[in-house]
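Colleague: One structure, pasted below without further comment.
The values are calculated or read from the model by the stated rules, or taken from the named source; none is laboratory data. For clarity, every value in this text was computed on a predicted model and none was experimentally measured. Note that we place each Cβ from the backbone using ideal geometry, even for glycine, and neighbour counts take in every protein chain shown. The area values use the complete protein model at the heavy-atom level, side chains included, leaving out ligands, DNA and RNA. Shrake-Rupley method; radii C 1.70, N 1.55, O 1.52, S 1.80 Å.
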Amino acid sequence: EVQLVESGGGLVQAGRSLRLSCKTSGFAFDDYVIGWFRQAPEKGREEVSSISSSDGSVWYADFTKGRFTISTDNYKSTVYLLINSLKPEDTAVYYCAALLGTRVAGPYLTLYKYWGPGTQVIVSS
């Protein structure tokens with residue numbers, strides 16, 4: 001069974017950095033795109049970033065403005081999202097999702113098939 005589990009969220013002060021992890025299992029970690037999403041309280045889901053496990057390509061939403069970095073560790077079957085200079089508006093539940101059989105990173109919001117349960121990030125000021 002394909003599984004994705006996020007971790008690394010919590011309560012953090014504005015201006016700090018936070019690294020989220022997405023541990024995957026149940027599929028080969030060499031032929032898919034992993035995306036990061038976030039959903040603020042009473043807001044819609046936003047696609048943040050994605051990365052390809054095969055060609056290393058990455059995609060970032062415009063609002064990230066250089067503060068977000070996505071990376072992957074194929075040996076650990078884990079994808080990371082580093083958020084620098086955290087702002088209160090970054091408060092959200094962060095999700096990771098997998099699109100199997102896709103080799104190029106990009107905005108595939110409606111195509112992701114597998115999702116993790118999310119990890120909560122709360123940024124205080």
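Colleague: Just to be sure I understand the model, the point goes 7 Å from the Cα along the line to the Cβ. What's the resulting residue 87 to residue 45 distance in nm?
Modeller: 2.4 nm
Colleague: OK, next. Give me the dipole magnitude in Debye, nearest 20, for the stretch 15-125 about the Cα centre, with unit charges on the beta carbon: positive for Lys and Arg, negative for Asp and Glu.
Modeller: I would put it at about 260 debye.
Colleague: In percent, what relative contact order does the chain have, based on Cα pairs under 8 Å that are 6 or more apart in sequence?
Modeller: 37 percent
Colleague: So for the chain: antiparallel DSSP bridges make up what percent, rounded to the nearest 5?
Modeller: Working: 40 of 44 bridges.
Roughly 90 percent of the beta bridges in the chain run antiparallel, per DSSP.
Colleague: Size of the stretch 45-109 along its principal axes in angstrom, Cα-based, largest extent first?
Modeller: Extents along the principal axes, in whole Å: 35, 24, 20.
Colleague: How long is the gain from residue 104 to residue 16 if the chain were fully straight, where each residue apart is worth 0.36 nm and the alpha carbon distance is subtracted? Please list the in-between numbers first.
Modeller: Numbers: separation 88, 0.36 × 88 = 31.68 nm, distance 3.10 nm.
Length gained between residue 104 and residue 16: 28.6 nm.
Colleague: Which FRET efficiency value, to the nearest 0.05, do you get for residue 76 and residue 1 by plugging their Cβ-Cβ distance into 1/(1 + (r/R0)^6) with R0 = 25 Å?
Modeller: With a Förster radius of 25 Å, E is 0.85.
Colleague: What ranking, highest mean first, results for peptides 102-113, 28-39 when packing means the other Cβ atoms within 10 Å averaged over each residue?
Modeller: Final packing ranking: 28-39, 102-113.
Colleague: Which Cα, out of 36, 111, 56, lies furthest along the positive dipole direction of the chain (beta carbon charges, K/R +1, D/E -1)?
Modeller: 36
Colleague: Take the solvent-accessible surface of the protein heavy atoms, probe 1.4 Å, and return the percent of it on the chain that carbon and sulfur atoms account for. Please list the in-between numbers first.
Modeller: Numbers: 3190 of 6460 Å².
Carbon and sulfur atoms account for 49 percent of the accessible area of the chain.
Colleague: Jot down the radius of gyration and Dmax of the stretch 1-69, Cα atoms only, both in angstrom.
Modeller: Cα-based Rg and Dmax for the stretch 1-69 come out at 13.6, 38 Å.
Colleague: In addition: Might you tell me the accessible area per residue for the stretch 15-125, computed with a 1.4 Å probe and given in Å²?
Modeller: Numbers: 5600 Å² over 111 residues.
Each residue of the stretch 15-125 exposes 50 Å² on average to a 1.4 Å probe.
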